[in-house]
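Here's the structure we're looking at; comments come further down.
The values are calculated or read from the model by the stated rules, or taken from the named source; none is laboratory data. All figures in this text were calculated on a predicted structure; none of them were measured in a lab. Please note: Cβ atoms are built from the backbone with ideal geometry, for glycine as well, and neighbour counts cover all protein chains shown.
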Amino acid sequence: MTAAAYSRILLKLSGEALMGDDAYGINEEVVSRIVSEVAEVNRLGVQVGVVIGGGNIFRGMKGAASGMDRATADYMGMLATVMNAMALADAMRRVDLEARVQSALRIDQVVEPYIRGRAIRHLEEGRVVIFAAGTGNPFFTTDTAAALRGAEIGAQIVLKATKVDGVYTADPKKDPAAQRYHRISFDEAIGRNLAVLDSTAFALCRDQKLPINVFSIFKPGALKRVVMGEDEGTLVHS
Ligand code: UDP
């Protein structure tokens, strides 16, 4: 048994989280630190699904802005998330944390396809499941994939790992008086025009009454504190 507040979580890691302070790509040191935090939570008996972004490699919007067909650029973005997922799973393997990558786009020679029942089975057996290729559809984001997979696997919460340790009243980098929201309801977040997740993802979580905890993945021990139900980052609730 576990003393954790949640038994199954969906962790959304942006591609940028894997980049650290680099300008592009995957920083091995940062990845292994994130992996050790996930491993710690996994050892508590918490089932962990991860949705990984791709922004450290390619973003569809950027491709479209430079003249590419948007859908093509988005498929490239989704493929970028597969590379990140593979790097993350490999870093997990190196510390004996069992992980499986499931992709929303089929690349069967490389990773498993997304199969909900099988994903749940992996989770029940203590394996981390890394959901790659977002939702598998262009014009969406990996935030939306996190909300979708979170709802599908019956996660009790979506943990949105960012660079900032929560949702603030203003940009804390620009305004020293900015205050962190400890808890906020979905309605209040909408009323205050706070961008917690992108709008599609946010609407899905709200409809499904799936809470979101925004926290900093760069703050050591923060992931565990969130999972233990401590006041860390910002909890968005129904
Ligand atoms: N993407 C997509 N559909 C999805 C998820 C992602 O088309 O369901 C594409 C989109 O082009 C996006 C890119 O993949 O820009 C990388 O994902 P995202 O920007 O969400 O990554 P993050 O910002 O979390 O690193």
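For the range 120-235, which strands (runs of 3 or more DSSP E) that fit wholly inside it have 1 or more residues that are under 16 Å from the mean Cα position of the chain (by Cα)?
It comes to 128-132, 157-162, 212-216.
Taking the range 75-110 as the search range and keeping residues that are more than 18 Å from the chain's Cα centre (by Cα) and part of a helix (DSSP H, G or I), which one is farthest from Phe139 (Cα to Cα)?
Out of the qualifying residues, it is Arg94.
If you take the residues in the range 25-48 that are assigned to a loop (DSSP other than H, G, I, E, B), of a type outside the set (A, V, I, L, M, F, W, C) and touching a Leu at 6+ places or on another chain (Cβ under 9 Å), which one is nearest to Glu124 (Cα to Cα)?
For the range 25-48, the residue satisfying everything is Asn27.
Quick check on the range 65-81. Is at least one of its residues under 18 Å from Lys224 (Cα atoms), within 12 Å of the ligand (Cβ to nearest atom) and surrounded by 18 or more Cβ atoms within 10 Å (Cβ to Cβ)?
Scanning the range 65-81 turns up no residue that is under 18 Å from Lys224 (Cα atoms), within 12 Å of the ligand (Cβ to nearest atom) and surrounded by 18 or more Cβ atoms within 10 Å (Cβ to Cβ).
Given the conditions (1) within 29 Å of Asp22 (Cβ to Cβ); (2) away from the ligand (no atom under 13 Å from the Cβ), report the number of the one that Leu123 does not fulfil.
The number of the failed condition is (1).
Could you look through the range 49-74, keep only residues that are charged (D, E, K, R) and in a loop (DSSP other than H, G, I, E, B), and pick out the one that is farthest from Ala132 (Cα to Cα)?
Ranking the candidates gives Asp69 first.
Within the range 164-186, can one find any residue that is aromatic (Phe, Trp, Tyr), over 19 Å from Ala147 (Cβ atoms) and without any contact (Cβ under 8 Å) to a residue 40 or more places away in the chain?
Yes - at least one qualifying residue is present in the range 164-186.
Yes/no matrix, rows are residues, columns are (1) closer than 21 Å to Arg8 by Cα; (2) modelled with pLDDT under 95:
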{"site": "Pro172", "(1), (2)": "no, yes"}
{"site": "His182", "(1), (2)": "no, no"}
{"site": "Glu188", "(1), (2)": "no, no"}
{"site": "Gly191", "(1), (2)": "no, yes"}
{"site": "Ala195", "(1), (2)": "no, yes"}
{"site": "Asp207", "(1), (2)": "yes, no"}
{"site": "Leu210", "(1), (2)": "yes, no"}
{"site": "Val214", "(1), (2)": "yes, no"}
{"site": "Leu223", "(1), (2)": "yes, no"}
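Can we say Asp198 is within 16 Å of the ligand (Cβ to nearest atom) and buried (at least 23 other Cβ atoms within 10 Å of the Cβ)?
no
For residues that are of a type in the set (A, V, I, L, M, F, W, C) and surrounded by fewer than 23 Cβ atoms within 10 Å (Cβ to Cβ), scanning just the range 9-29, find the one that is nearest to Met228 (Cα to Cα).
Step by step, filter the range 9-29, then rank; the result is Met19.
Kindly indicate which of Gly55, Gly49, Gly136 is more than 18 Å from Leu159 (Cβ to Cβ) and modelled with pLDDT of 95 or more.
Unique residue meeting the criteria: Gly136.
What is the one condition in (1) touching a strand residue (DSSP E or B) at 6+ places or on another chain (Cβ under 8 Å); (2) surrounded by fewer than 15 Cβ atoms within 10 Å (Cβ to Cβ); (3) not small (Gly, Ala, Ser) that Leu210 does not satisfy?
Status for Leu210: all satisfied but (2).
Does the range 128-143 hold any residues that are near the ligand (Cβ under 6 Å from one of its atoms) and among the hydrophobic types (A, V, I, L, M, F, W, C), and which are they?
Phe140
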